[in-house]
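Notes to accompany the following structure.
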Amino acid sequence: MTAEPGFGVYVHWPFCAAKCPYCDFNSHVRHKGVDQPRFLAAFRREIAHMAALAPGRRVGSIFFGGGTPSLMTPETVGGILDAIAGAWGVEDGVEVTLEANPTSVEAERFRGYRAAGVNRVSLGVQALNAGDLAALGRLHSVDEAMAAVRLATSIFPRASFDLIYARPGQTPDAWRSELTQAIAHAPEHLSLYQLTIEEGTPFHALYAAGKLKTPDEDTSRALWDVTQEVTEQAGMPAYEISNHARPGAESRHNLVYWRYGEYAGVGPGAHGRLVVDGVRRELAVERNPELWAAAVEADGHGLVMDEPLSPEAQADEFLVMGLRLAEGIDLARFQRLSGRRLDSRRIDDLVFDGMVERLGRDRLRVTREGFPVLDAVVADLAG
């Protein structure tokens with residue numbers, strides 16, 4: 001039996017020092033700086049609005065994402081955390097994660113973030129060799145990254161870092177060596193993402209012009225297999241398709257998403273899922289930072305979408321999110337959300353093909369063979 005999803009708050013800080021060529025997140029560069037007091041005031045107002053929509057919750061996790069949240073001052077982070085605690089109240093032992101880039105300047109702020117209430121940091125390392133860091137548009141060196149990891153683990157109770165694999169020219173043997181090196185520095189958690197070419201990014205333009213080549217299907221599968229083998233041997237198996245942790249060190253905030261819990265999203269471009277008057281709703285916030293701040297100042301929030309989710313839409317989201325997890329999904333909950341059962345014949349066919357497996361009568365999960373083709377498995381089940 002899995003734990004209840006809980007309630008989380010996602011805070012989006014949309015600013016970056018530079019835009020990475022592979023990134024399609026809502027991030028913006030402001031060379032003249034950011035008026036942090038203005039944005040803090042706007043965050044406070046939008047948090048109050050979300051709490052009015054979904055009152056009485058207890059916050060179990062808070063996640064500062066971006067963008068680059070480590071460009072915020074510790075005072076801004078502390079002010080946002082105070083606003084969340086005042087709006088909802090927080091659970092004892094609440095998980096508070098902040099994403100950070102491992103440059104020397106940002107690493108110096110770590111002690112300030114810890115004093116403000118951050119107890120988990122997620123570092124965007126992305127690669128452990130200089131050539132690939134430059135190709136990915138990262139501003140730090142390998143030495144800076146490892147120094148930031150060491151500092152983070154000495155200050156914060158919990159720490160994680162990200163790597164991107166299936167990079168141009170990467171071989172399975174090179175990835176095995178790099179991942180082994182990473183695990184030696186990772187105390188409890190790693191996020192390991194295959195490089196994807198997203199439309200609208202500089203990488204997409206290069207890829208379309210034939211100037212950027214990613215590993216072929218066979219190599220990508222070999223890189224996936226190396227990832228599972230090395231992390232499992234190190235005691236950090238995948239608990240979600242791209243996330244690996246020692247038992248008990250899973251990201252509680254991300255589990256809120258994957259277990260299809262409730263969460264408020266605040267800040268430019270944030271998304272949320274809140275149950276309002278018994279109806280689960282999809283919420284989205286204005287993406288442009290300055291337009292968002294102006295909207296909040298005028299209306300108390302920057303919402304551009306607030307719509308009820310149909311039972312079928314909820315069921316589809318539940319499948320897409322829950323089947324990413326090694327623990328799988330609760331079939332009875334799918335039925336409650338959708339008003340129907342999953343087609344047993346489709347399940348049986350996928351079991352026969354080795355793509356999914358039943359866990360007793362109540363749960364279904366994707367197998368290791370099924371994860372590399374997860375989208376197809378979900379589409380087959382949902383169809």
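The values are calculated or read from the model by the stated rules, or taken from the named source; none is laboratory data. The shown structure was predicted, so the numbers you read here are calculated from the model rather than taken from an experiment. Glycine also receives a Cβ, built like all others from the backbone with ideal geometry; neighbour counts cover every protein chain displayed. Please note that ligands, DNA and RNA were not included when accessible areas were found on the heavy atoms of the full protein model with its side chains. Shrake-Rupley method; radii C 1.70, N 1.55, O 1.52, S 1.80 Å.
Structure data summary
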{"item": "Residues being in a helix (DSSP H, G or I) and either open to solvent by less than 40 Å² (accessible area, probe 1.4 Å) or at pLDDT 90 or above (or both) - total across the stretch 173-216", "result": "13"}
{"item": "Which listed residue, of G8, G60, G67, G89, is open to solvent by less than 40 Å² (accessible area, probe 1.4 Å), touching a strand residue (DSSP E or B) at 6+ places or on another chain (Cβ under 9 Å) and more than 30 Å from Q126 (Cβ to Cβ)", "result": "G89"}
{"item": "The stretch 153-172, subset in a loop (DSSP other than H, G, I, E, B) and more than 23 Å from the chain's Cα centre (by Cα), residue farthest from N243 (Cα to Cα)", "result": "G169"}
{"item": "Options T227, T219: the member that is farther than 14 Å from S61 by Cα, open to solvent by less than 30 Å² (accessible area, probe 1.4 Å), part of a helix (DSSP H, G or I) and β-branched (V, I, T)", "result": "T227"}
{"item": "Count of the stretch 231-253 residues which are open to solvent by 30 Å² or more (accessible area, probe 1.4 Å), of a type in the set (D, E) and either part of a strand (DSSP E or B) or in contact (Cβ under 8 Å) with a residue 12 or more places away in the chain (or both)", "result": "1"}
{"item": "Boolean, A152 is open to solvent by less than 10 Å² (accessible area, probe 1.4 Å), touching an Asp or Glu at 6+ places or on another chain (Cβ under 9 Å), of a type in the set (A, V, I, L, M, F, W, C) and without any contact (Cβ under 8 Å) to a residue 60 or more places away in the chain", "result": "no"}
{"item": "First in the stretch 19-33 and over 21 Å from Q194 (Cβ atoms), second anywhere and modelled with pLDDT of 75 or more and open to solvent by 80 Å² or more (accessible area, probe 1.4 Å), Cβ under 7 Å, 6 or more apart", "result": "N26/R287"}
{"item": "Some residue of the stretch 260-269 being more than 20 Å from I80 (Cα to Cα) and either modelled with pLDDT under 95 or aromatic (F, W, Y) (or both)", "result": "yes"}
